[in-house]
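Encoded as structure tokens, the structure appears first; notes follow it.
The values are calculated or read from the model by the stated rules, or taken from the named source; none is laboratory data. As the structure is a computational prediction, the values presented were derived from the model and not from experiment. Methodologically, a virtual Cβ is constructed for each residue, glycine included, from the backbone with ideal geometry; neighbour enumeration extends over all protein chains shown.
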Amino acid sequence: MASGIDQRRAEFKRYKEDVQSRGKPFHPFAMWHDTVMSLVVVLVIIGLAALWYFDSGEKPEDVGVLGPRYTAEADPGTTSFVPRPDWFFFFLFYLLRIFKWPETVVLGTVGVPTICLILLLALPFLDVRRERRIIRRPVALVAGVLVIISMGVLTYKGATAEEGGLADNLAEGATEEQLQMGAELVAESGCLNCHTYRGAGSPNLGAPDLTQIGAENRGVDFFHRYVANPAEFGNTTMPPFQSLGDENLEAIAVFLDASKNP
């Protein structure tokens with residue numbers, strides 16, 4: 001341990017001597033360069049924002065160089081909108097398609113990113129060599145290339161991934177009007193706060209995916225009674241929806257029973 005500390009101290013001493021003889025200290029030279037570059041980046045962002053604002057109009061059809069200032073108003077009652085993350089989270093978004101709920105989703109959302117972050121933080125402490133020529137660091141070179149390729153592929157796959165709409169899963173045994181009404185009720189009644197349907201929604205509290213729930217062939221009456229009072233079937237986690245009324249419960253039941261296609 002003592003020899004390692006002495007070696008580090010000797011290397012640091014040589015570094016200071018090199019700075020004095022043929023280099024420049026970090027302060028103030030490097031700090032000044034970083035400050036100037038940061039100012040340039042901020043000015044570029046401000047310039048792009050000003051160009052976007054003054055080049056676009058107040059109507060959605062007035063599109064400027066960088067896009068419209070306003071788009072169509074959001075429809076809070078839509079059943080066809082599928083939320084997607086920002087582009088820099090597409091890689092994590094696609095990981096959720098590789099690691100399925102509920103068996104391995106924790107590994108994809110917590111395990112893999114955490115392991116990568118730990119390795120990134122530990123890298124300066126693991127690799128303490130002074131060699132900076134990339135051709136003499138094959139392990140670091142290969143690891144860096146693989147990370148870039150992996151992130152690029154996952155980002156591309158996440159950006160081009162197709163999502164199914166909530167009311168796209170039509171099946172025999174019900175009219176399109178009934179299915180549409182049931183789909184809207186499922187979307188508006190808070191079902192997707194715990195359930196998922198063809199990629200839409202948020203899986204919580206162990207609630208099952210509803211995409212193929214009708215494949216169990218339990219019938220419309222079963223789903224009607226279950227949604228109205230889940231406690232009757234031993235489910236004390238899901239709240240009752242008797243307040244929706246028989247007509248709405250029937251529409252939800254028809255929709256769930258018709259959801260049989262993969």
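All of (1) under 33 Å from the mean Cα position of the chain (by Cα); (2) surrounded by fewer than 20 Cβ atoms within 10 Å (Cβ to Cβ); (3) modelled with pLDDT of 85 or more hold for Phe255 with one exception: (2).
Taking the numbered list (1) modelled with pLDDT of 85 or more; (2) over 30 Å from Tyr197 (Cβ atoms) in turn, Glu61 passes all entries but (1).
Taking the criterion of being surrounded by 14 or more Cβ atoms within 10 Å (Cβ to Cβ) and either at pLDDT below 80 or not in a helix (DSSP H, G or I) (or both), the only residue of region 109-132 that qualifies is Thr109. Scanning region 175-190 for residues that are surrounded by fewer than 20 Cβ atoms within 10 Å (Cβ to Cβ) and at pLDDT below 80 yields Thr175, Glu176, Glu177, Gln178.
Reported count of residues in region 41-70, each being assigned to a helix (DSSP H, G or I) and loosely packed, with under 12 Cβ neighbours inside 10 Å, is 11. When Ser189, Ser202 are screened for being touching a Leu at 6+ places or on another chain (Cβ under 8 Å) and closer than 24 Å to Leu96 by Cα, only Ser202 passes. Among the residues that make up region 85-92, is at least one of them at pLDDT below 75 and part of a loop (DSSP other than H, G, I, E, B)? The answer is no; no qualifying residue exists. The listed residues are Asn229, Asn193, Asn235, and the only one of them that is surrounded by fewer than 18 Cβ atoms within 10 Å (Cβ to Cβ) and either under 21 Å from Pro83 (Cα atoms) or touching a Lys or Arg at 6+ places or on another chain (Cβ under 9 Å) (or both) turns out to be Asn193.
Based on this model, can you work out whether Asp75 counts as at pLDDT 80 or above, loosely packed, with under 14 Cβ neighbours inside 10 Å and either within 30 Å of Gln180 (Cα to Cα) or assigned by TED's automatic domain parsing to the domain that holds Ala183 (or both)? It is false that Asp75 is at pLDDT 80 or above, loosely packed, with under 14 Cβ neighbours inside 10 Å and either within 30 Å of Gln180 (Cα to Cα) or assigned by TED's automatic domain parsing to the domain that holds Ala183 (or both).
Against the definition (surrounded by 11 or more Cβ atoms within 10 Å (Cβ to Cβ) and in the same structural domain as Arg97 (by TED's automatic domain parsing)), how does Leu154 come out, yes or no? In short, yes. Look at region 221-240: where a residue is part of a helix (DSSP H, G or I) and a partner is surrounded by 11 or more Cβ atoms within 10 Å (Cβ to Cβ) and among the hydroxyl-bearing types (Ser, Thr, Tyr), sitting 6+ places away or on another chain with Cβ atoms under 8 Å, you get Pro230/Thr237; Glu232/Tyr226; Phe233/Tyr226.
When you look at Leu95, is it modelled with pLDDT of 80 or more and surrounded by fewer than 13 Cβ atoms within 10 Å (Cβ to Cβ), yes or no? Spelling it out, it is not the case that Leu95 is modelled with pLDDT of 80 or more and surrounded by fewer than 13 Cβ atoms within 10 Å (Cβ to Cβ).
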